[in-house]
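Asker: Have a look at the structure that comes next, please.
The values are calculated or read from the model by the stated rules, or taken from the named source; none is laboratory data. Quick caveat, the model's predicted, so the values are computed rather than measured. We place every Cβ from the backbone using ideal geometry, glycine too, and count neighbours over all the protein chains shown. Remember, those area values only see protein heavy atoms, side chains included, never the ligands or the DNA or RNA. Shrake-Rupley method; radii C 1.70, N 1.55, O 1.52, S 1.80 Å.
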2 protein chains.
Amino acid sequence: MAAPIDFYFDFSSPYGYFASVKIDELAARHGRQVNWRPILLGPIFKVTNSTPLLNFPLKGDYATRDWERYGRLFKVPYKRPTPFPFLAVNASRLFYWLQGRDPALAHRYAQAAYHAAFGEGKDITSAEASADVAQTIGVARTEALAALNDAAVKDKLRQEVDAAIQRGVFGSPLIYVDNEPFWGADRLDQVERWLKTGGW
Amino acid sequence: MAAPIDFYFDFSSPYGYFASVKIDELAARHGRQVNWRPILLGPIFKVTNSTPLLNFPLKGDYATRDWERYGRLFKVPYKRPTPFPFLAVNASRLFYWLQGRDPALAHRYAQAAYHAAFGEGKDITSAEASADVAQTIGVARTEALAALNDAAVKDKLRQEVDAAIQRGVFGSPLIYVDNEPFWGADRLDQVERWLKTGGW
């Protein structure tokens, strides 16, 4: 079987959310699996000298309108949480902790966290809120809270973010098909074409 | 007939170039014309606190690769000029000067300027080089050079850029269909869908 697609995203990224609702089916149509890889745009933006979208005058207004429009286009619920953007460090740590135990469970966690944040507009920033999401997919809340204090879990996320930067990840979503990078929910059609044709 | 599409672009924008080779036919398929409107990202980025793509580490590398990939995808010649990005003030002034005389000629000028800059990789920055492009479409070089010194021509471009900023234009290409904005060559499919369906 061909290598999985790498799907890098920040849990605080609406475009990551929109890509997340399509990516698995898209990949499956071409016999691929998806390696979900949460990252943090905060440390990445320090490297790229960038800043969250809403900090750019005019562009932030466009993005706000565009996210609403994407929700309607993709026919998925969309509600922006407060605060926004939010620090996704707890959600991301829980993801990698779960991945070490059960990759399928980590995948369900990511979907649940994205749905809570952007489908329902919930604030999933805190350790408690991230653990609440874990509980909805059957993970013991106390275990999740304990994991968030585990130095190895913290290290794992740091390593993932560092490795992503080394690879060139500068935004969310960033999707690699056999090392070919595609940035943005608006490139899913190109991702599909690449999968279908093997490139151009 | 429905209102024309507004197509804002900077002559120094590769994504603007790629959109430019598709936009007229796309609009025509839906009974629309296109109002080509060159703008300058320099003054716009001052308002949006942004900077040219290549100034963003990692993102600039991606963009460089993406432009090559777009050339192959759209099957159009692509060669990045030196310097890049370049100041498109002369090309933009010539466009608006020609538009005041003959809109069809201005349109041909824009296509010729984009082709020279990104199809052939020519440096069209200077007054002389911009006038050379005008000459290729039958405009007298001396007249073009004189127009570039005309205060009214300079004012016209300044007004266009100011009006674009007032409208919310923050990048290139920025395409408006009945006041609905779409940013990027990768949104041409959404532009087409909006034209077809009247929105979603």
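Asker: How about segment B:26-60: which of its residues are within 16 Å of B:V169 (Cα to Cα), touching a residue at least 60 places away in the same chain (Cβ under 8 Å), open to solvent by 40 Å² or more (accessible area, probe 1.4 Å) and away from chain A (no Cβ under 14 Å)?
Answerer: Our first condition is that a residue be within 16 Å of B:V169 (Cα to Cα); within segment B:26-60, this holds for B:35-52.
Still in the list and also touching a residue at least 60 places away in the same chain (Cβ under 8 Å): B:36-41, B:43-44, B:47-48, B:50.
Remaining after also requiring open to solvent by 40 Å² or more (accessible area, probe 1.4 Å): B:37, B:43, B:47.
B:R37, the sole residue that qualifies.
Asker: Taking interchain pairs and intrachain pairs at least six residues apart, which have beta carbon atoms under 7 angstrom, with the first residue in segment A:111-134 and farther than 21 Å from A:N149 by Cβ and without any contact (Cβ under 8 Å) to a residue 60 or more places away in the chain and the second acidic (D, E) and open to solvent by 30 Å² or more (accessible area, probe 1.4 Å)?
Answerer: Close Cβ pairs satisfying both conditions: none exist.
Asker: Answer yes or no: is there a residue in segment A:61-82 that is away from chain B (no Cβ under 12 Å), open to solvent by less than 50 Å² (accessible area, probe 1.4 Å), out of contact with any helix residue (DSSP H, G or I) (no Cβ under 7 Å at 6 or more places or on another chain) and touching a residue at least 60 places away in the same chain (Cβ under 8 Å).
Answerer: No, segment A:61-82 has no match at all.
Asker: Applying the selection to segment B:83-110, what residues are outside any helix (DSSP H, G or I) and either within 14 Å of chain A (Cβ to nearest Cβ) or touching a residue at least 12 places away in the same chain (Cβ under 8 Å) (or both)?
Answerer: Residues satisfying the conditions are B:P83, B:F84, B:P85, B:F86, B:L87, B:A88.
Asker: Something else about it: Looking at A:R158, is it at the interface with another protein chain (Cβ under 9 Å from one of its Cβ atoms) and either touching a His at 6+ places or on another chain (Cβ under 7 Å) or open to solvent by 10 Å² or more (accessible area, probe 1.4 Å) (or both)?
Answerer: When the stated conditions are applied, A:R158 does not pass them.
Asker: Filter segment A:165-184 for residues that are facing chain B (nearest Cβ under 10 Å) and within 20 Å of A:Q33 (Cβ to Cβ) and give the result.
Answerer: A:R167, A:V169, A:L174, A:E180, A:P181, A:F182
Asker: Sticking with this structure for a sec: Does B:S20 satisfy being more than 14 Å from chain A (Cβ to nearest Cβ), touching a residue at least 60 places away in the same chain (Cβ under 8 Å) and under 21 Å from B:F182 (Cβ atoms)? Don't jump to the end; show me each part of the working.
Answerer: Values: more than 14 Å from chain A (Cβ to nearest Cβ): yes; touching a residue at least 60 places away in the same chain (Cβ under 8 Å): yes; under 21 Å from B:F182 (Cβ atoms): yes.
Taking the combined requirement at face value, the residue satisfies it.
Asker: When you scan segment B:83-98, how many residues do you find that are open to solvent by less than 20 Å² (accessible area, probe 1.4 Å) and of a type outside the set (S, T, N, Q)? Full working, then the answer.
Answerer: Taking segment B:83-98 and keeping what is open to solvent by less than 20 Å² (accessible area, probe 1.4 Å), we get B:86, B:88, B:91-92, B:94-96, B:98.
After this cut, where a residue has to be of a type outside the set (S, T, N, Q) as well, the list is B:86, B:88, B:91, B:94-96, B:98.
Of the residues in that region, 7 qualify.
Asker: Give me the residue from segment A:185-200 that is at the interface with chain B (Cβ under 7 Å from one of its Cβ atoms) and either touching a Gly at 6+ places or on another chain (Cβ under 9 Å) or not acidic (D, E) (or both) and, out of that set, most open to solvent (accessible area, probe 1.4 Å).
Answerer: Looking at residues that are at the interface with chain B (Cβ under 7 Å from one of its Cβ atoms) and either touching a Gly at 6+ places or on another chain (Cβ under 9 Å) or not acidic (D, E) (or both), I get A:W200.
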